[in-house]
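K.L.:
I'd like to ask you about the structure that follows.
Where a number appears in this text, it was derived from the coordinates with a stated rule and is not lab data. Quick caveat, the model's predicted, so the values are computed rather than measured. Cβ placement follows ideal geometry from the backbone for every residue including glycine, while neighbour counts extend to all protein chains displayed.
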Amino acid sequence: MKKKILIVDDEKDITLTLKELFLSKGYDALVAFTGKEAERLLNQKGLDLILLDIQMPDINGVEILRQVKKKFPEIKTVVLTGFLEEYKSDIEKIGCDAILNKPFSIKTLIKIVDSTLSEKKDDGEPFSTLIDNVKILAKAGLLFIEPNEIMYSPKFAYFRNPKRCKGEYLLKAAYTEEDILKELKDPKTDIVLSNINMFRLYKLADKFNKSSNPPKDVILYGLSSSTRSKDLDKAKGVSFIDGLFDPVTAIVLPEEMDKLGKIVRATAIAHNLYIKVD
């Protein structure tokens, strides 16, 4: 019997794309764009899991989470939020099965949902706690696709610092289509991080799909929140390439770099690309 998921998020493009994604994975999926719609759908029988955004236009997601835990404790809960620090204490008091900070990679989300709904017992450490475990060090080969070395240099400086990025990465960069095709042949390329404009310029979605050695995941960045929905709507193919639905901004501020570091770490761990340290 298909597992039924309720996706609650006021960003319609993201919500409908997530619905299509989970339908393609064999799940039954419902969507709600407001808290009131979510309350109505929660009364339906057979819901197994709710993907819940926190910032909603009417009823705050924290309140929805509180209702779920009180009235429907059998429903699994996965919180998706771009405002984790602001609501973290409230979420932890109420309780949920997993928290995923926006932006996120598709495969990371799928892994969390699959593991949360799995009926099999897993003797290993849950994925959601692996990310927060300071003794877990992400270890992967990263390929940055950038227009020039100037754009790459701050990312290189950040990801070569294990203490800050909480990972041990093999770093490479490509600035031209020729460089990209060459680096993609390297089996050590696990995760591609691409400037969104470069991704489109060289039609990398098609190249990855045809590659004999495709990367395990792709993370896109470079869009501001003001242009995000419009650009993703024009390039829906991009949003399905295991990348981010909600890319980080192009301005490289310290907090934005930390955000990108968390995404890379979670993505690497989702693909079992990590080591345990003492």
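K.L.:
Sort 174-181, 51-58 by packing, meaning the average of other beta carbons within 10 Å per residue, with the highest value first. All intermediate terms of the calculation are to be shown ahead of the outcome.
P.N.:
Numbers: 174-181: 15.2, 51-58: 20.0.
In descending order of packing, they fall as 51-58, 174-181.
K.L.:
Let me ask something else about it. Where the Cα atoms of segment 125-217 are projected onto their three principal axes, how long is each span, largest first, in whole Å?
P.N.:
38, 29, 21
K.L.:
Fully extended, how many nm does the chain gain between residue 118 and residue 275 (0.36 nm per residue separation, minus their Cα-Cα distance)?
P.N.:
Values: separation 157, 0.36 × 157 = 56.52 nm, distance 2.41 nm.
So the chain would gain 54.1 nm between residue 118 and residue 275.
K.L.:
Which FRET efficiency value, to the nearest 0.05, is calculated for residue 13 and residue 92 with the Förster distance at 35 angstrom and r the Cβ-Cβ distance?
P.N.:
For residue 13 and residue 92, the calculated efficiency is 0.75.
K.L.:
Distance cut-off 31 Å, Cα to Cα: go down the list 4/139; 163/188; 45/93 and report the pairs above it.
P.N.:
From 4/139; 163/188; 45/93, over 31 Å: 4/139.
K.L.:
Calculate, in nm to one decimal, what residue 58 and residue 43 gain on full extension: separation in residues at 0.36 nm each, minus their alpha carbon distance.
P.N.:
3.5 nm
K.L.:
Another question, if that's okay. Based on the Cβ-Cβ distance of residue 256 and residue 177, what FRET efficiency does E = 1/(1 + (r/R0)^6) give at R0 = 25 Å, to the nearest 0.05?
P.N.:
0.40
K.L.:
Could you work out Rg/(2.2 N^0.38 Å) for segment 1-143, with Rg from alpha carbons only?
P.N.:
1.03
K.L.:
Continuing with the same structure: Just to be sure I understand the model, the point goes 7 Å from the Cα along the line to the Cβ. What's the resulting residue 148 to residue 206 distance in nm?
P.N.:
2.8 nm
K.L.:
How many angstrom lie between the C-alpha centres of segment 17-82 and segment 149-211?
P.N.:
34 Å
K.L.:
Run the numbers for residue 69 and residue 157: contour at 0.36 nm per residue of separation, minus the present Cα-Cα distance, in nm.
P.N.:
Details: separation 88, 0.36 × 88 = 31.68 nm, distance 4.31 nm.
Stretched fully, the residue 69-residue 157 segment lengthens by 27.4 nm.
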